[in-house]
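Reading through the structure tokens given below for one structure.
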Amino acid sequence: MSSCRWQQLAGGLRVASSFPSRQPAGEMRSSCVLLTALVALAAYYVYIPLPSSVSDPWKLMMLDAIFRGAQQMVSNLIHYLGLSHHLLALNFIIVSFGKKSAWSSARVKVTDTDFDGVEVRVFEGPPKPEEPLRRSVVYIHGGGWALASPSMSWSPSDCLYYDELCATMAEELNAVIVSIEYRLVPKVYFPEQIHDVVHATKHFLQPEILQKYMVDPGRICISGDSSGGNLAAALGQQLTQDPNLRNKLKLQALIYPTLQALDFNTPSYQQNVNTPILPRYVMVKYWLDYFKGNYDFVQAMIVNNHTSLDVEEATALRARLNWTSLLPASITKNYSPVVQTTGNARIVREIPQLLDARSSPLIADQEVLEHLPKTYILTCEHDVLRDDGIMYAKRLERAGVEVTLDHFEDGFHGCIIFTSWPTDFSVGIRTRNSYIKWLDQNL
């Protein structure tokens, strides 16, 4: 290595000459120690133990580190600067980096409009020559009822490719995709998100609107991922009970949906307690945010103190999510139920929404489930929500509903939207293709 040194010459002029320089040994040792410490610190922050079966583990570690870093940075800024709610700030960052305008391609027309006062983005794929009327999917995005948007094309903090997913669906299915921009926490709380998706969907199902978009009224599906899967399941249950609804749904497709807030110790919650990108404590916080609940309840809910045996309101509902009878032995393994004898009845008294079937579709009455349409449920092995989906599939089967359970052994929560560089995962591409293939064959 060479360095430049200045020499003073007569007349005050200075010139540079290059020749090897020696750094004091003490400085070099200090630099090496500091560099080693920084590398070790970065590795410690990024590295988390993951099962060898998960798709692209090192890439998942990096994605998780970015997501955690963005959340921690926002939380710290909010705390120290006294700014608005941390979810507003986090979503602002996500939308600022990743929002995409309604840009149409040669194959897909994209427009932003509103249905009964609810903003939607409509993706119109080309009709098939032999089919003048197109199929349609009403899609509800995930994000913990608080984050993301149908217009997301890429975000460094969340990598939410909903615009790309819906455009791909529209083109490959020759379909009309309606992606709902429902209002988010903390601007509104449960059940306002449900009201938004119900209003938008009912508006779309009107004969004159279906005719405008050249949609076959007998070939409509509702779908969503994660919390969007929760809203889609709640939407499906409400629409099947509406006697005034003229056009009924043909299908529902739920992608790793969150379906209950009564038991945070199912085998998948126990197995994936710290698995990215949705650790258990984060999911519990999302539920509390959705209900405008108190974070002081997080630890009590993690150990199921909110549904203990002395909480009478939860007694009748436990049998509906008894995972020892709803899950196969290959899933339950050696895990044991966590049922507290005494807990904290105050939680349910302050947040009765926890026991509402609109927020937890898994606990709906059997009579409601019997009228649901043919169903697709995608689950991932490395996901706290895995068992929610599997239990719902079993309850639907027992109610006489035809169900396809599509399970991915190397999948993780959120994987279906990670299909493009730099967050392209093998399992993301496979889950997306499997989901679209099922829609193509059944819709």
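Summary of values
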| read-out | value |
| --- | --- |
| In segment 97-134, the residues that are open to solvent by 10 Å² or more (accessible area, probe 1.4 Å) and touching a Leu at 6+ places or on another chain (Cβ under 8 Å) | 127 |
| Qualifying residues in segment 233-276 (those that are out of contact with any Gly (no Cβ under 8 Å at 6 or more places or on another chain) and charged (D, E, K, R)) - the one surrounded by the most Cβ atoms within 10 Å (Cβ to Cβ) | 263 |
| Complete set of residues in segment 89-123 that are under 22 Å from residue 289 (Cα atoms) and modelled with pLDDT of 70 or more | 118 |
| Residue pairs meeting the criteria (Cβ under 6 Å; at least 6 apart or on separate chains; first closer than 18 Å to residue 388 by Cβ and hydroxyl-bearing (Ser, Thr, Tyr), in segment 362-378; second open to solvent by 10 Å² or more (accessible area, probe 1.4 Å) and in a strand (DSSP E or B)) | 375/403; 376/404 |
| Residue check, residue 296 outside any loop (DSSP other than H, G, I, E, B), open to solvent by 10 Å² or more (accessible area, probe 1.4 Å) and more than 16 Å from residue 391 (Cα to Cα) | yes |
| Matching entry among 359, 336, 330 (being closer than 24 Å to residue 220 by Cα, out of contact with any strand residue (DSSP E or B) (no Cβ under 9 Å at 6 or more places or on another chain) and not acidic (Asp, Glu)) | 359 |
| Verdict on residue 281 being within 21 Å of residue 414 (Cα to Cα), surrounded by fewer than 19 Cβ atoms within 10 Å (Cβ to Cβ), in contact with a helix residue (DSSP H, G or I) (Cβ under 7 Å, 6 or more places away or on another chain) and without any contact (Cβ under 8 Å) to a residue 40 or more places away in the chain | yes |
| Tally, over segment 332-354, of residues that are open to solvent by 50 Å² or more (accessible area, probe 1.4 Å), of a type outside the set (Ser, Thr, Tyr), touching a residue at least 12 places away in the same chain (Cβ under 8 Å) and part of a loop (DSSP other than H, G, I, E, B) | 4 |
| Any hit, segment 195-203, residues being more than 16 Å from the chain's Cα centre (by Cα), open to solvent by 10 Å² or more (accessible area, probe 1.4 Å) and modelled with pLDDT under 95 | no |
| Residue 182 vs. criteria open to solvent by less than 20 Å² (accessible area, probe 1.4 Å), closer than 17 Å to residue 141 by Cα and modelled with pLDDT of 95 or more | yes |
| Of all residues in segment 141-161 being closer than 12 Å to residue 110 by Cβ and open to solvent by less than 10 Å² (accessible area, probe 1.4 Å), the one that is modelled with the lowest pLDDT | 151 |
| Wholly enclosed helices (runs of 4 or more DSSP H) of segment 364-443 bearing at least 3 residues buried (at least 16 other Cβ atoms within 10 Å of the Cβ) and touching a Leu at 6+ places or on another chain (Cβ under 7 Å) | 386-398, 426-442 |
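The values are calculated or read from the model by the stated rules, or taken from the named source; none is laboratory data. What you see is a predicted model; the values in this text were computed from it and never measured. FYI the Cβ positions are ideal-geometry reconstructions off the backbone, even for glycines, and counts take in every protein chain you see. Surface areas here come from the heavy atoms of the whole protein model, side chains and all, with no ligands, DNA or RNA. Shrake-Rupley method; radii C 1.70, N 1.55, O 1.52, S 1.80 Å.
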